Amino acid sequence: MQVETTERAAREIIELCIVVPQECDGWRLDHFLKRRIGRLSRTRIQSILRTQIFFSDGRSVRPAASVHAGETILLRRPAPIEPEVPRHFQILYEDASVLVIDKPAGLPMHTTAKFWRNTLTALLRERYPNESMEVAHRIDRETSGVLVIARGHEVASFLTRAFARRAVEKTYLALVKGHPPDEGRIDRPLKLLDSPSHVMMGTAPDGLTAVTRYRVVRRFAAHTLCEAHPESGRQHQIRVHFQSIGHPIVGDKLYGASEALFMRACDEGVTPELLTLFDDLPRHALHAHRLTFPHPKTKQPLTVESPLPVDLVDYIERLAPHA
């Protein structure tokens, strides 16, 4: 990705490079963009095609033009006016190989249609301009907690393999609705659903294997604080798994409220009316509490922990106690 500034532009023009994957070889350009960008109306797609899309080889842009696997399509558009997000993070552990941070809730990991500068990767470029910092794994924008960043490509490759072979132990704290059993193992395959938001996951027999172990930490009158251990790393896994057993995570807009309300929040922001429908919590109550991973140099297990953040502690303290 490149950022290009013009004196005449009131906002920066950003250039995104979209590489066509093998499975989209031969698709119509407008169909490919609908799949790649998502949540865009047909009218919006046509407008983007006329003003913002360019083929890297200079050929003419038409809705019916075929795209080819491996080619690059350029999207040039004004940088978005971004919502306010936390632009700070606490360092939990640091050495020459890794940086482990406490990511605040609300800070997105990577560039999206809505966020450009207000992302973790952008902050890392700003704070470490002379280093190659690569995020080793992902947690959702509204999830807070422990996140590992590799210092250099070799370390990133090592950590990626460690996550892939499940040599990393992840522990989350989740405040859920209702009272699940004292402990359990949720073994339900997950897949991306064909739904309006294009981000909603769901349980399905033909999905990818997904297992989450959990145990109850503390009970309240209508809520339970659980410790969750995902044995696999599927998108939204803990959130979907708790929802699938009838105990969605507090404040979860997508899996605790509804997809329609989630999309409204994306478009309008969390209004006071919507906040009441999201359990009066601006973000979902999921926190990456502890991470144990093999150190890239010593190969010995390294455990880093983050306590529950203040917003969740305050919310929990207001809950009615368990009878």
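List of remarks:
- Against the numbered list (1) of a type in the set (Val, Ile, Thr); (2) in a strand (DSSP E or B); (3) more than 30 Å from ALA156 (Cα to Cα), VAL304 comes up short only at (3).
- Qualifying residue in the stretch 293-300 (condition: touching an Asp or Glu at 6+ places or on another chain (Cβ under 6 Å), assigned by TED's automatic domain parsing to the domain that holds GLN243, on the phi < 0 side of the Ramachandran plot and buried (at least 17 other Cβ atoms within 10 Å of the Cβ)): no
- The set of residues from the stretch 180-201 being surrounded by 14 or more Cβ atoms within 10 Å (Cβ to Cβ) and in contact with a Phe, Trp or Tyr (Cβ under 9 Å, 6 or more places away or on another chain) comprises PRO180, GLY184, ILE186, SER197, VAL199, MET200, MET201.
- Contact map, the stretch 43-54: residues that are assigned by TED's automatic domain parsing to the domain that holds PHE32 paired with residues that are of a type in the set (Asp, Glu), Cβ distance under 7 Å, separation 6+ or inter-chain. Pairs shown: ILE45/ASP30; LEU49/ASP30.
- Residue-level check: of (1) crowded, with 17+ Cβ neighbours inside 10 Å; (2) in contact with a Ser or Thr (Cβ under 9 Å, 6 or more places away or on another chain); (3) not assigned by TED's automatic domain parsing to the domain that holds SER195, VAL67 misses just (2).
- Of the strands (runs of 3 or more DSSP E) lying entirely inside the stretch 196-250, the ones with 1 or more residues being closer than 25 Å to ALA260 by Cα are found at 201-203, 223-230.
- Filtering ASP280, ASP267, ASP314 for residues that are assigned to a helix (DSSP H, G or I), more than 20 Å from the chain's Cα centre (by Cα) and surrounded by fewer than 18 Cβ atoms within 10 Å (Cβ to Cβ) leaves a single hit, ASP314.
- Among residues of the stretch 242-261 that are among the aromatic types (Phe, Trp, Tyr), those with a Cβ under 7 angstrom from a residue that is assigned to a helix (DSSP H, G or I), sequence gap 6+ or separate chain, pair up as TYR255/ARG239; TYR255/VAL240; TYR255/GLN243.
The values are calculated or read from the model by the stated rules, or taken from the named source; none is laboratory data. Note that the structure is predicted; figures quoted are calculated from it, not measured. Every residue, glycine among them, receives a Cβ derived from its backbone with ideal geometry; neighbour counts consider all protein chains shown.
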